[in-house]
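Comments concern the structure below.
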Amino acid sequence: MLAVMDFGWSNTWAPILGFTVLFVALHVLAVLRVEPAYSRAFKLSRAGAALILTILGISAFVGGFEHWREAFLYRHQPGDWMRTGLLLVYGHLIADFIWMAVGKYKYGITPRKDLIIHHGLGVIGFGAALVLEIGYAFGLLTMITELLPLSTGVNAWGKRIAVSRVVEASDRARLHVLAWLRLPLWSSLFILVILTLIHGAEPGMLLPYIVAGTGLVGLISLDVFWMGKCLKHVDFY
């Protein structure tokens with residue numbers, strides 16, 4: 001039977017609240033001190049968060065590499081640093097939802113549905129990982145792909161300083177991140193998940209692999225959608 005962690009205030013909800021406040025503060029700082037236009041400020045603040053998350057993702061790749069054949073899906077021991085990393089990511093997702101709500105009710109800007117779906121997948125998947133103490137590395141590994149909002153932040157900054165070369169370069173960078181990093185990573189993880197299911201997952205791991213595989217299908221679909229949007233604006237090369 002799967003061990004379920006203590007999902008109490010001190011070791012789960014307090015850190016999530018703290019990290020949520022941190023990322024909300026980053027959004028507020030961007031709109032008050034850097035860029036008064038809400039949409040651009042949101043992209044800039046998310047770029048700052050993306051840098052932190054990308055570093056976390058690389059660290060998880062190194063830390064969990066011995067489990068690559070298992071698609072980085074394995075049980076974690078209490079005290080594993082990756083749990084704190086996943087709590088930080090969870091706080092980031094909640095902060096983005098809060099700031100999207102601020103954009104809608106204060107600035108009249110409707111949140112992007114694709115971003116809501118993307119973050120919703122994260123909230124569900126990472127929440128399951130925290131409860132079951134399984135897949136911290138898998139969850140954090142996906143943060144490597146936060147290079148995408150980082151390129152979006154550069155795009156927003158290029159528009160802020162009115163330098164077209166920066167805007168064009170960031171558009172191309174976004175497309176390359178989608179084509180050569182995100183889609184290959186999602187596809188590779190999906191293949192590893194399927195291979196594990198075919199050969200037989202270890203006892204108690206069947207459901208996590210099914211959830212992971214379903215989530216990866218959603219992420220691949222979203223990236224194909226985003227890639228189509230990019231191709232409407234810039235040539236691949």
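Each reported figure results from applying straightforward, stated rules to the coordinates on display, with no laboratory input. Note that the structure is predicted; figures quoted are calculated from it, not measured. With ideal geometry, Cβ positions are generated from the backbone for all residues, glycine too; neighbour counts draw on all protein chains shown.
Express the relative contact order of segment 134-231 as a whole percentage, based on alpha carbon pairs under 8 Å and six or more residues apart in sequence. Spell out each step's value before the answer.
Working: 56 pairs, mean separation 26.7, N = 98.
Reported relative contact order: 27 percent.
Label points 7 Å out from Cα along the Cβ direction at residue 84 and residue 65: separation in nm?
If labels sit at residue 84 and residue 65, their model points lie 2.3 nm apart.
Any of 106/232; 106/229; 159/229 with alpha carbons more than 25 Å apart? Name them for me.
Working: 106/232 31 Å; 106/229 27 Å; 159/229 19 Å.
Beyond 25 Å: 106/232; 106/229.
Using the basic label-point model (7 angstrom from Cα toward the beta carbon), what is the residue 32 to residue 112 distance in nanometres?
Going by the 7 Å Cα→Cβ label model, 2.6 nm.
With a cap of 11 neighbouring Cβ atoms within 10 Å, and only residues DSSP puts in a loop, list the trypsin sites (Lys or Arg not before Pro) found in segment 168-237. Before the final figure, lay out the partial values.
Working: sites: 172, 174, 182, 229, 232; in loops: 232.
Answer in residue order: 232.
Where does helix 14-29 land angle-wise versus the long Cα axis of the chain, in degrees 0 to 90, nearest 10?
It works out to around 10 degrees.
Can you give the relative contact order of segment 87-138 as a percent, counting alpha carbon pairs under 8 Å and 6+ residues apart?
Numbers: 20 pairs, mean separation 16.8, N = 52.
It rounds to 32 percent for segment 87-138.
Roughly how compact is segment 179-227, stated as its Cα Rg over 2.2 N^0.38 Å to two decimals?
Working: Rg = 11.8 Å, N = 49, 2.2 N^0.38 = 9.7 Å.
Normalised Rg, Cα atoms only: 1.22.
Calculate the spin-label point distance for residue 58 paired with residue 104, positioning each point 7 Å from the Cα along the beta-carbon direction, and give it in nanometres.
3.6 nm
Kindly put 96, 171 in sequence by how many other C-beta atoms sit within 10 Å of each C-beta, fewest to most.
On the way: 96 25, 171 19.
Listing 96, 171 from fewest to most nearby Cβ atoms yields 171, 96.
Given contacts defined as C-alpha pairs under 8 Å and at least six residues apart, what's the relative contact order of the chain, whole-number percent? Kindly include the intermediate steps, with their values, before the conclusion.
Working: 271 pairs, mean separation 61.9, N = 237.
With pairs under 8 Å counted, the relative contact order is 26 percent.
Between 0 and 90 degrees, rounded to the nearest ten: what's the tilt of helix 206-231 against the longest Cα principal axis of the chain?
The angle comes out near 20 degrees.
For n ≥ 4 DSSP H runs only, could you compute -39500 (n - 2.57) per run for the chain, divide by its residues and tell me the 222 nm figure to the nearest 500?
Numbers: 9 runs with 166 residues, N = 237.
Estimated from H runs of four or more residues: -24000 deg cm²/dmol.
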